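Any read-out appearing in this document is the output of simple, stated calculations on the displayed coordinates, not a laboratory observation. These numbers were taken from a predicted model, which means no experiment stands behind them. Cβ placement follows ideal geometry from the backbone for every residue including glycine, while neighbour counts extend to all protein chains displayed.
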Amino acid sequence: MIEPATKPDLAAGMSPDELRRVYYDLQLTRQVEQVLTNLYRQNKIIGGLYRSLGQEATAVGSAWALRRRDDGTGDVVAPAVRNLGSLFVMGAEPVAVMRQYMAKGDSPTRGREQNVHFTDYERGFIGLISHLGVMIEVMAGVALSFRLKGEKRVALCYIGDGGASTGAFHEGFNLAAVQRAPLVVMVENNGYAYSTPVPRQTAAESFVVRARAYGVYGESCDGNDLFAVLDMTKRAVEHARAGGGAALLEVLTYRRKGHAEHDAQQYVPSGEIESWEARDPIERFERHVVNGGILNADDLSRVRDSVAAEVEEARSQAEASPLPPAEQALERVCAGLETRSPWTRRTPPDPRFA
C-alpha cells in the first residue's frame, strides 16, 4: 500500500537526552564533512568526496529507526555515498572515517578503499559497492537470510533517484518483494542524478508510486524534516520486522553540493540552491526543539562545541596516521596468502625473489 506523507511532531515523544544525541549525529555529519572538504582541497583525500550538505536528516533520521547493537545481532544498513550520518548513528568513529578517506594504513580497509566503502558486521553496516543499484541486490540477500533464519532483523538500504532507474535496483527489489524479505529501501530524491534532473530520467510522478507495482508497503515524506523521516522509517521497519515484507520509501530532499567536490553544478538553475538553504534540515531541527521548549540555545551550543572538539582531535589523529606499506597491499585479500618483502627492500636487493 502507499501511505500519504505525514508531518508528525515526534519531539514530544523523545527525551531531551535523545534529542541531544540526534543533534550530535547531525552536527557530527556536517562538521566531519566540512573538515573532509578542507582536507580534499589540500590534496590529502584519496579519491572523491561526496558531500551530504542539506541531506543529513535523511541518513540520521532513518538510521535512528533501527535496532542498533554492537554484537552483530542488530539491524543492518548499507549506506550510499551521501549517508555518512547513518554510519555515525550505527557507531562509526570520526577518526576511522577520516583515515578511510585519506587511505591511511590504520583505516578500516588499510588504505584499499575510500569514503563509506568499509564494513563493520558487529555494528551493523555493510560497505558500499560503487556500481549503482547493486547494493539493493546484496541487501535483498541479507534481508532474505534474516527471514529464512527466523531472525527479527531488518536491512535498510539507500539509493539515489538515478540509481533507482537501474536494472539491478529492479531485480534486487523485486526479489525482496516476492520473497517478503525484511528489506527497507529508501530512495533519496535529491533532484539530480549527477547532472540529470529527475524528470529527464523517469516519467513516473514519484518513486514511491512504484511500491504498488511491486506489491509492497510504500510511503514518502519531506526528507529535510528529521522527525518526518524518523517516523516514516519506523513504520516501515516495524512493518518489515513483523513479517510484512519489503518496503519502498521516498524522501524529497536536495543536494546543495555537486555530485562530488569536482562538480561545479553549472547545470543548476540560478537561485535554486539558495531556495533550499532556507529549508536546511539542521536549522529546522534547531528551531523545532527550541521553539517547542525542549532544548535551548545553550544546549545546542554545548553540543556543537563538543562535536567541534571531537572532530578536531579526530583530524589530528588521522593526519598523523601513516600510509600503508606497499608490501601489505595483498594482505587480507586472499586467504592464506603469504606476502614477502619486495626484493628492492632487501639488503642487498635480490631480483630473483621479485
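Values as computed for the structure displayed
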| quantity | calculated |
| --- | --- |
| Estimated [θ] at 222 nm from DSSP helical runs (n ≥ 4, -39500 (n - 2.57)) normalised by residues in the chain, nearest 500 | -12000 deg cm²/dmol |
| Mean Cβ neighbour count within 10 Å, used as a protection proxy, ranking 129-138, 110-119 highest first | 110-119, 129-138 |
| Förster radius 22 Å - calculated FRET efficiency between ASN38 and ASP106 (Cβ-Cβ, nearest 0.05) | 0.55 |
| Net lengthening on full extension, GLU312/SER195 (0.36 nm per residue, minus Cα-Cα) | 38.8 nm |
| Listed residue (PHE169, VAL251, SER52) projecting farthest to the positive dipole end of the chain, Cβ model | PHE169 |
| Surrounding net charge for ASP17, when Lys and Arg each add one and Asp and Glu each subtract one, Cβ distance under 15 Å | 0 |
| The stretch 2-323 - Rg over Rh from alpha carbon coordinates, Kirkwood radius | 0.94 |
| Computed lengthening from THR119 to GLU171, 0.36 nm per intervening residue step minus Cα-Cα distance | 16.4 nm |
| Range of Cα positions in the stretch 11-120 per principal axis (Å), largest first | 45, 30, 20 |
| Long pairs among LYS104/LYS234; LYS104/LYS149; LYS44/LYS257; LYS149/LYS257, criterion Cα-Cα beyond 31 Å | LYS104/LYS234; LYS104/LYS149; LYS149/LYS257 |
| Dipole of the stretch 132-233 [Lys/Arg +1, Asp/Glu -1 at C-beta], most positive-end residue of CYS157, ALA203, VAL142 | VAL142 |
| Contour excess over end-to-end distance, with Cα ends at ALA329 and TYR267 and 0.36 nm allotted per residue | 18.3 nm |
